[in-house]
Structures are given as C-alpha cells and as structure tokens.
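All remarks here apply to the structure that follows.
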C-alpha cells in the first residue's frame, strides 16, 4: 500500500471524525437531496433498473434517505455483502432495513434469511460508492481493501457500466489525487456544496448533462 495513501487516509478520516453530529446530519441531508433529485430527473431508476448503495458506517455520509426514497417509491435497492476470504462483494436486492443485519465491521449487510435475494448486476443503473478522499475529477481513494475497484472492474468486464456516484463531505475533497492503475474514477462526486462531474465524454458522464457542476 502506498505510503502517501496511508497518510492521506489518516488525515482525511481524522478531519471527518471531527464533524459534529448535527453538522454531519445537515450535510448528509443536503447530499441525499441532490442524489434523489438527480436520479428522478434523469429517470435513472425507471422500470426494473436498480440502485446499488453502500450502507454507511462510522462517520460516513448518511445516505439511508436515498434507500428509503427508493423503497417508498415501491422499488428495491441493491446492497453489497462482503466476502472477506475472497475480497469481493456479493449483491442482493433488499426491500427494507429489516432485510439487513450487521456484518463485517458492523456494517449492515443483506440477510437472505430475512428476505434479501441475489441481485442481477445487469439491472444496475447507478452505484453509490463510499471512500475516504476524492478529487474534483472523479479520483477516489478508498479504505484500502479494493472491494469496489474489483466490483466495478468486474462489471465493466461484463459490459455492465452503471453510473458511479461518490457521496462525500466537501472536506474530503483533495487536489489532483495520484491514482494507481487499479483505482477506478467516479463519474461524479456529490457533496453538500454541489456536484463535481468528471470531465470527458464517457457513457456515465453523459448521464449528468444538465446538472450544474463545479
């Protein structure tokens, strides 16, 4: 693991942990509002399309309201389950918080015994991706396990290219991250201040046309 990544993670996580509970709540609400508005205006989740979302833990952006919005609209949400021995994520469709149970590191994960069912990745329209630090052009530094980089690379290898969105606090933004070959860029980063859409003409980036970006 690169030393600069270790130091960056330590610095950013320390700053993120200093956010007060009320400040985190207000900023998370603003981020969720932007995500829901974007998904609705772009028609991203029409028909059988699915949203894949992480379940937040610790001091991450609380994106539960996005999942709740999808459930209230009558849909299901795809949630990952960690397979530590293979360092990969399994995907399940869930219809409420009741189908989740604490898993690795205490993160809520799908529970088949409670009704979660295996998901068809071909139906994924958008993916909310967690992380530690981001830049304004979609660069991302995660927690070091490589779970999401492997997941997204695997989907791409199957010709499945959902739009990728990283919810983050503004204080998690850094200038020009020095990414490695396996680090996958996000199509957009969304913070309490607004959207940062990756420059380019890629398929995922095109989904953000009409959205005001910094």
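The values are calculated or read from the model by the stated rules, or taken from the named source; none is laboratory data. Note that the coordinates shown come from a computational prediction; the quantities given were computed from them, not determined experimentally. Heads up, the Cβs are rebuilt from the backbone with ideal geometry, glycines too, and the neighbour counts pull from every protein chain shown.
Check region 133-146 and report whether any residue there is more than 30 Å from residue 37 (Cβ to Cβ), touching a strand residue (DSSP E or B) at 6+ places or on another chain (Cβ under 9 Å) and loosely packed, with under 15 Cβ neighbours inside 10 Å. Yes, region 133-146 contains at least one residue that is more than 30 Å from residue 37 (Cβ to Cβ), touching a strand residue (DSSP E or B) at 6+ places or on another chain (Cβ under 9 Å) and loosely packed, with under 15 Cβ neighbours inside 10 Å. Screening region 110-127 for residues that are surrounded by fewer than 21 Cβ atoms within 10 Å (Cβ to Cβ) and not in a helix (DSSP H, G or I) and picking the one that is farthest from the chain's Cα centre (by Cα) gives 115. Would a scan of region 146-164 turn up a residue that is farther than 19 Å from residue 50 by Cβ and in contact with a helix residue (DSSP H, G or I) (Cβ under 9 Å, 6 or more places away or on another chain)? Scanning region 146-164, I find no residue that is farther than 19 Å from residue 50 by Cβ and in contact with a helix residue (DSSP H, G or I) (Cβ under 9 Å, 6 or more places away or on another chain), so the answer is no. Taken together, the residues in region 184-206 that are out of contact with any helix residue (DSSP H, G or I) (no Cβ under 6 Å at 6 or more places or on another chain), in a loop (DSSP other than H, G, I, E, B) and either farther than 28 Å from residue 145 by Cα or modelled with pLDDT under 60 (or both) amount to 2.
I'm checking my understanding of the structure. Among residues of region 152-162 that are outside any helix (DSSP H, G or I) and on the phi < 0 side of the Ramachandran plot, which one is farthest from the chain's Cα centre (by Cα)? Per the criteria, the residue is 158. Among residues belonging to region 163-183 that are assigned to a loop (DSSP other than H, G, I, E, B) and under 15 Å from the mean Cα position of the chain (by Cα), point out the one that is surrounded by the fewest Cβ atoms within 10 Å (Cβ to Cβ). Of everything passing the filter in region 163-183, 183 is surrounded by the fewest Cβ atoms within 10 Å (Cβ to Cβ). Listed here are the strands (runs of 3 or more DSSP E) enclosed by region 1-106 that have at least 3 residues being in contact (Cβ under 8 Å) with a residue 40 or more places away in the chain: 50-53, 77-83, 88-94.
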